[in-house]
Structures are given as C-alpha cells and as structure tokens.
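Bear in mind these aren't lab numbers, they're just calculated from the coordinates by the rules spelled out. No experiment lies behind these values; they were computed from the predicted model shown. Methodologically, a virtual Cβ is constructed for each residue, glycine included, from the backbone with ideal geometry; neighbour enumeration extends over all protein chains shown.
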Amino acid sequence: QARLVESGGGLVQAGGSLRLSCVVSGRTFSTYTLGWFRQAPGKERESVATSSWAGGTYYRDSVKGRFTISRDNAKNTVYLQMNSLKPEDTAIYYCAAASEPRRTLAAGRGPDFGAGTQVTVTS
C-alpha cells in the first residue's frame, strides 16, 4: 500500500492562494494516476482534480480555471495549486493514488489516501 503525506494547507482569505504538496512512496510513481479529493464538514468526500498516469488532467467544474494539478515524477510529488480561493473551498484536502498501475483512481479496490490537510478560506 502506498504512503501519502500531504502538506501546505492553512488559513487564507478569499481570493488568496495555497499550494498543496503530497509525497508518495511505495509506488512506481510515474505509472500511477494521482488525485486530490476534499471533504467539507457534513458533506461527502469529492474528487477535485486528477492527474492520469497517461498525462491527462481532469477537474471538477467548480475549480476549473482556479486550481491546477501537477506532478514531479523525479520527486514522487503531486501538487495542487489553488488560486482565487473561495470560502466554499474550505475542506480537508486528501491526496490520492490509484491502487493499480496504469489504471484510474476508481479501479480495483479504489485509491489510497493520505491523512489530509486542512484548508480554510475566510470571507
């Protein structure tokens, strides 16, 4: 099972920016789909952004144009750059790695998650 460790969360005013980082170990990094999820209080965990092992990126509609997912295969790290943050972006953000190489996050037993990092956006 992969080990994922997030960092970079914090408190920011609306309109501000944060960059989340996640170091992934226990995987041949470049062959795995990676992603970011979030869970707000009282809500289900939702996918925010995905970086496919094949090179594509995907975003939920509410973050398109504001968030950017990227990966550095040499550092085994995936990033989430978050700009123009809104109070509704407040959540715990989780890094995710597919459980099988060259597959989607949902494949097999589902993704492995990190412990999460809190992002709070004030108005």
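Checking the a/c ratio against 1.5 first, then a/b against b/c, what shape does the Cα gyration tensor give for segment 82-123? Prolate, because a/c is 1.5 or more and a/b exceeds b/c. Under the convention that each Lys and Arg Cβ holds +1 and each Asp and Glu Cβ holds -1, the size of the dipole of the chain around its Cα centre is about 200 debye. Straight-line reach from Lys86: taking Cα to Cα under 29 Å and skipping same-chain neighbours fewer than 8 places apart, the lysines in range are Lys43, Lys64.
Restricting the GluC sites (Glu not before Pro) of segment 1-91 to loop positions (DSSP other than H, G, I, E, B) with no more than 11 neighbouring Cβ atoms within 10 Å leaves Glu44. In a simple Cβ point-charge model (Lys, Arg +1; Asp, Glu -1; nothing else charged), segment 49-103 has a dipole of about 140 debye relative to its Cα centre.
Its Cα centre serving as origin, segment 5-74 has a Cβ charge dipole (Lys and Arg +1, Asp and Glu -1) of approximately 80 debye. Only Cα pairs under 8 Å and 6+ residues apart enter the sum, and on that basis the relative contact order of the chain stands at 36 percent.
Ordering Ser30, Thr90, Thr122 by the projection of their Cα atoms onto the charge dipole of the chain, which places +1 on the Cβ of Lys and Arg and -1 on the Cβ of Asp and Glu, puts Ser30 at the extreme positive end. Charge tally around Asp61: other residues with Cβ under 15 Å, Lys/Arg +1 each, Asp/Glu -1 each, net +2.
In loop segments of segment 26-79 as defined by DSSP, the trypsin sites (Lys or Arg not before Pro) with at most 11 further C-beta atoms inside 10 Å of their C-beta are Lys43, Lys64. Summing +1 for each Lys or Arg and -1 for each Asp or Glu among the other residues whose beta-carbon sits under 14 angstrom from that of Ala115 gives +1.
Taking a ≥ b ≥ c as the square roots of the eigenvalues of the Cα gyration tensor, the chain is classed as prolate, since a/c reaches at least 1.5 and a/b is larger than b/c.
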